[in-house]
Amino acid sequence: MSNLRRLDLNLLVTLDALLAEHNVTRAAQRLNFSQPSVSVHLAKLREIFGDPLLLPGPRGMRPTARAEQLREPLRQALAALELAVAPSTPFDPAAANNTWRVAAFDYGESTIVLPALNGLRTAAPGTRLAVIETAPARIAQQAERGEIDLAFHTREGAPPNLRQRTLFSERYVLVGRAGHPKLQKTLTPAQFCQLEQVMVSPDGGGFFGITDRALEELGLTRRVVLSVPHFLFVIAVLMNTELVAMLPERLLRHQPALEVVEPPVAVPGFEMTMLWHERSHRDPAHQWLREHIVRSL
């Protein structure tokens, strides 16, 4: 370790050239250094390794046994370093074999992942995608550890220390089964509150949400008779019962079995964002995935 601290990259590059050329002058030409500079480097290397490394011979210089031991490990180390600092090559999705991991709840799966999926399979058929359901409190930690590449979350409550890009703005609508008799005419807020309703409670078991806050300001309370943790189950419930729900509009695309109407009370919408860690920001593969998702929406 003490020898390693005394080395710098220029010394190792010089040693590699000397072991290849067996000649100070040719090594200097190869490195675009002056001959005295290479000689100074060789003197420092001899001191560090405690070995002459290269000795005068009839045809240039001959490496010592210690130098021969260093030749291949040094070449491999420099080659690995060159690869590490080389400019990033353009990402070729057709030849890629990446495994991407994204964190999303079922809403993000339906409105972001699903629209991107067919294009992803066509453009990058050798890649794999893992969708992980995760708690918002863990997103930043998972991204920092490299356990996820992307996360989809509302702007409100998104970890502030992650990169983010707004994907779209969402609004709430009132939904029931197709032909629902209570949705065939314009409702008043009071009539709306009399309907039996289902709501999504991501934390589980809650009966109060953003719609209830809006109603509270009007001095009203609605009848929530069912609370579930997932949006997709709500859709199944609406199709098979007389319950209604306030749901994000994008979730209801291509759902002919449902009736969608304007709610009689204004409920604030939200913005969906894509989140990622700084460590992945400039990676060509990661950039391609992010842009593909944006184009798919």
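The values are calculated or read from the model by the stated rules, or taken from the named source; none is laboratory data. Worth saying up front: this structure is predicted, and the values here are computed from it rather than measured. In this analysis, Cβ positions are derived from the backbone assuming ideal geometry, glycine residues included, and neighbour counts consider all displayed protein chains. Accessible surface is based on the protein model in full, side chains and every heavy atom, while ligands, DNA and RNA are left aside. Shrake-Rupley method; radii C 1.70, N 1.55, O 1.52, S 1.80 Å.
A few points about this structure:
- The dipole here belongs to the chain: it is taken about the Cα centre, uses +1 on the Cβ of Lys and Arg and -1 on the Cβ of Asp and Glu, and is about 1020 debye.
- Rule-of-thumb Rg ratio for the stretch 172-267 [Cα; 2.2 N^0.38 Å; N residues]: 0.98
- Share of carbon and sulfur in the accessible heavy-atom surface of the chain [1.4 Å probe, %]: 52 percent
- Charge context of residue 27, other residues only, Cβ under 13 angstrom, K/R +1, D/E -1: 0
- For the stretch 259-276, Karplus couplings with θ = phi - 60° (6.51, -1.76, 1.60), whole Hz, Gly/Pro x: 9, 10, 9, 6, x, x, 10, 6, 10, x, x, 8, 10, 8, 10, 9, 10, 7
- Cβ-derived FRET efficiency at R0 25 Å, residue 43 paired with residue 68, nearest 0.05: 0.80
- Förster-model FRET efficiency, 30 Å R0, residue 80 and residue 161, C-beta, rounded to 0.05: 0.45
- Around the Cα centre of the stretch 65-166, unit charges on the Cβ atoms of Lys, Arg, Asp and Glu (plus for the first two, minus for the last two) sum to a dipole of about 160 debye.
- Only Cα pairs under 8 Å and 6+ residues apart enter the sum, and on that basis the relative contact order of the chain stands at 21 percent.
- Cβ charges +1 (Lys, Arg) and -1 (Asp, Glu), total dipole of the stretch 4-85, debye: 160 debye
- Take the stretch 14-56 with all the other protein chains still there, run a 1.4 Å probe, and you get 50 Å² of accessible area per residue.
- Accessible area per residue in Å² at 1.4 Å probe, computed on the stretch 172-267: 53 Å²
- Rel. contact order, % - alpha carbon contacts under 8 angstrom, at least six apart, the stretch 172-267: 50 percent
- Beta bridges per DSSP, both residues in the chain: antiparallel share near 65 percent.
- Averaged over residues, the count of other Cβ atoms within 10 Å places the peptides 31-41, 174-184 in the sequence 174-184, 31-41, highest first.
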